[in-house]
Amino acid sequence: MTRAVGLDRESIAELRAQFRTEQIASWIAGGGVLFLAVVFTEPWGLLLGVCIAVMALVRLPAFTAIDRDDVVGALWWSAAGTWGIALIVAAVLPGATPIMILNLIGPLVTGAIYLDARSMRRLIGAGVVVAVGLGALGFRSSSTGAENALPAWLFQLIMIVYLAVHVMVMSGSVSVANRVRIATLEAVVDANDALRSADADLRESRRRVISAGDRERVRLERNIHDGAQQRLVALAVQLQLASQFARNGTPITPEQLDAMHTESREAIAELRELARGIYPSVLTERGLEDALRSVARRSPNPVEVVYDDQVDLPTDDAAAIYFICLEALQNIAKHAGPDASARLTLEARDGDLHVSIVDDGLGCNPAEIGRSRGVVNMIDRASALGADLTFESEPGRGTSVCMVLPDRPIATVDAT
Amino acid sequence: MADGATSTPATPVPRTDPIRVFVVDDHPAFLRTVESVIAATPGFVLVGTADSGGAALTALRTRSDIDMVLLDVYLPDLSGVEVARRRADEGATTTVVLMSTIDPADLPGHAFERGVAGFLSKELLTTRALRGAWDVANNGG
């Protein structure tokens, strides 16, 4: 690949535009010299005009090269034409040699902008050879005398115009290249900023996940301490008391035994509820579909579950989807109103997994959904899976929660 | 009585001067259990309960018929340790025994500094432990 490193479409388009300007200038120069040669009947002038036109033709392959993104090849063709014109002009009109130094430098400046170091070293090598040739031609003692065919003022005017045009083209191309480079740099800076911001979001999300974990442990500790543990402690004390009664011969009443039984059953019920909150056993034992159907059945609002049975998910995905759906259904129970019904859909589409929970309840202003702890948990769980989670709602028009998990392999179901 | 502090109806108290116990705990199940243990302990009588630190302070400040307070460490508002400290600051001399399900080694270091005469593990509460706690605090065992 001869394309120079790190050039985008815009830079290449700019280089092509520069070539076009130079090409037009070459045609005008060749045509102008031929015109003057005819007007002033100067044979050297005719030769010069023809040679400039030939060199302009030499430049033409630069356009096909750049259309193939071959920047290095394009620059070489362009340089060959430009330097060829400089050498021919210096040979025929030694007086114009100082001006031709611009033709020598032009391709080197363009090369410095667009070429990598290795290609640039070669171009500089060629430039040095051309410089030696240009010097030798310019400082030689004999002259063709062709410049004397024109009135001195006209010759000087042509050289001044040539100088001005050349400076304009060259500085214009440098400034355009610079602008492109700055734009590229700004794009890199923007991308870096976006990356930093994503990184900060990730840290914040990770911090929330950890503190949510800690909060959850505190909540569990409180629930165990205030619930099952107190009941078991009470039961232990009552049993000890009953044992003391039995030793003393004090009768134990059926009510006392019933109270102990109730206490033990309450403790078991509380422990079961706690265990379900920590990790639902139905999810590990019977899978996501049954777990979601079980949550839907327990919901106070009617919930229809549509589960694409081609979906087969790893455990992490299943747990996150379960807890996100659980939170969404709890939110419906809390906020959508008693008449709301909901539909929970999980389906594979285009290699992605789509999960949605849509209700026809009271809805709300989307801005209000924002930052409740439950919603933040949902967002964090989704982002940990690389999934997008979106909330849509409108007062009186229900709420929808949609999640897309990209690139989830789907288990193929054998039809036979 | 404010904030859930309640008094049991006056039980026939023999003139042998029973020890009048006030219980502070926010768990109804445990409160009922302490009630049965006190009822089964000769010479002890339950004279009232409270389910928060604030209700306990109010009751303890206004009543003079309390000899012993069984005080849960973890209460929804003030900790039992704080209730005992405030009572001590107010010059109260009632026997205060802390109760908890947690290991006493996990209690804060200053828990027994002011106003606390002893500690009872809730699961080890028996008639003998109750009497023992009173005796240690008042008769040096």
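Criterion first (outside any helix (DSSP H, G or I), within 13 Å of chain A (Cβ to nearest Cβ) and under 11 Å from the mean Cα position of the chain (by Cα)) does B:L120 satisfy it? Considered against the rule, which asks whether it is outside any helix (DSSP H, G or I), within 13 Å of chain A (Cβ to nearest Cβ) and under 11 Å from the mean Cα position of the chain (by Cα), B:L120 comes out as yes.
For the condition touching a residue at least 40 places away in the same chain (Cβ under 8 Å) and surrounded by fewer than 18 Cβ atoms within 10 Å (Cβ to Cβ), what is the one hit in A:F63, A:F19, A:F35?
Numbers: A:F19 fails: surrounded by fewer than 18 Cβ atoms within 10 Å (Cβ to Cβ); A:F35 fails: touching a residue at least 40 places away in the same chain (Cβ under 8 Å).
Within the list A:F63, A:F19, A:F35, the selection yields A:F63.
Counting only residues that are among the small types (G, A, S), surrounded by 11 or more Cβ atoms within 10 Å (Cβ to Cβ), at pLDDT 80 or above and under 17 Å from A:E42 (Cβ atoms), the stretch A:141-181 holds 0 of them.
Considering only the stretch B:114-137, state which residues are surrounded by fewer than 14 Cβ atoms within 10 Å (Cβ to Cβ) and aliphatic (A, V, I, L, M). Walk me through it before giving the result.
Residues of the stretch B:114-137 that are surrounded by fewer than 14 Cβ atoms within 10 Å (Cβ to Cβ), as a first pass: B:124, B:128, B:135.
The answer is B:L124, and nothing else.
Out of the residues in the stretch A:258-274 that are touching a helix residue (DSSP H, G or I) at 6+ places or on another chain (Cβ under 7 Å) and more than 13 Å from chain B (Cβ to nearest Cβ), which is farthest from A:R298 (Cα to Cα)? Among those residues, the one meeting the criterion is A:L271.
Selection of the stretch A:136-155 for residues being in a helix (DSSP H, G or I) and either free of Cβ contacts under 8 Å to residues at least 12 places away in the same chain or hydrophobic (A, V, I, L, M, F, W, C) (or both) yields A:A136, A:L137, A:A146, A:N148, A:A149, A:A152, A:W153, A:L154, A:F155. Right, A:E221: closer than 30 Å to A:G361 by Cα, without any contact (Cβ under 8 Å) to a residue 12 or more places away in the chain and either within 51 Å of the chain's Cα centre (by Cα) or surrounded by 13 or more Cβ atoms within 10 Å (Cβ to Cβ) (or both) or not? No; evaluated as a whole, the condition is false for this residue. Determine, yes or no, whether B:V69 is within 12 Å of the chain's Cα centre (by Cα), without any contact (Cβ under 8 Å) to a residue 60 or more places away in the chain and within 26 Å of A:L235 (Cβ to Cβ). Yes. Kindly check whether there is at least one residue in the stretch A:225-246 that is surrounded by 17 or more Cβ atoms within 10 Å (Cβ to Cβ), within 14 Å of chain B (Cβ to nearest Cβ), out of contact with any strand residue (DSSP E or B) (no Cβ under 8 Å at 6 or more places or on another chain) and among the acidic types (D, E). There is no residue in the stretch A:225-246 that is surrounded by 17 or more Cβ atoms within 10 Å (Cβ to Cβ), within 14 Å of chain B (Cβ to nearest Cβ), out of contact with any strand residue (DSSP E or B) (no Cβ under 8 Å at 6 or more places or on another chain) and among the acidic types (D, E). When the stretch A:326-355 is filtered for residues that are touching a helix residue (DSSP H, G or I) at 6+ places or on another chain (Cβ under 9 Å) and in a strand (DSSP E or B), the ones remaining, listed by number, are A:A342, A:L344, A:L346, A:L353, A:V355. Pairs are defined by a Cβ separation below 6 Å, a sequence spacing of at least 6 or placement on different chains, a first member in the stretch A:99-116 that is more than 16 Å from A:A86 (Cα to Cα), and a second member that is surrounded by fewer than 22 Cβ atoms within 10 Å (Cβ to Cβ) and at pLDDT 85 or above; the pairs so defined are A:G111/A:M120; A:G111/A:L123.
Could you tell me which residue of the stretch A:312-325 is modelled with the highest pLDDT, considering only residues that are part of a helix (DSSP H, G or I) and charged (D, E, K, R)?
We begin by selecting, within the stretch A:312-325, every residue part of a helix (DSSP H, G or I); these are A:315-325.
Next, only the ones that are charged (D, E, K, R) stay: A:316-317.
Numbers: A:D316: 79, A:D317: 85.
It comes out as A:D317.
The values are calculated or read from the model by the stated rules, or taken from the named source; none is laboratory data. This structure is a prediction, so every number in the text was calculated from the model and none was measured. When we count neighbours, we look across all protein chains shown, and the Cβ atoms used for this are built from the backbone with ideal geometry, even at glycine.
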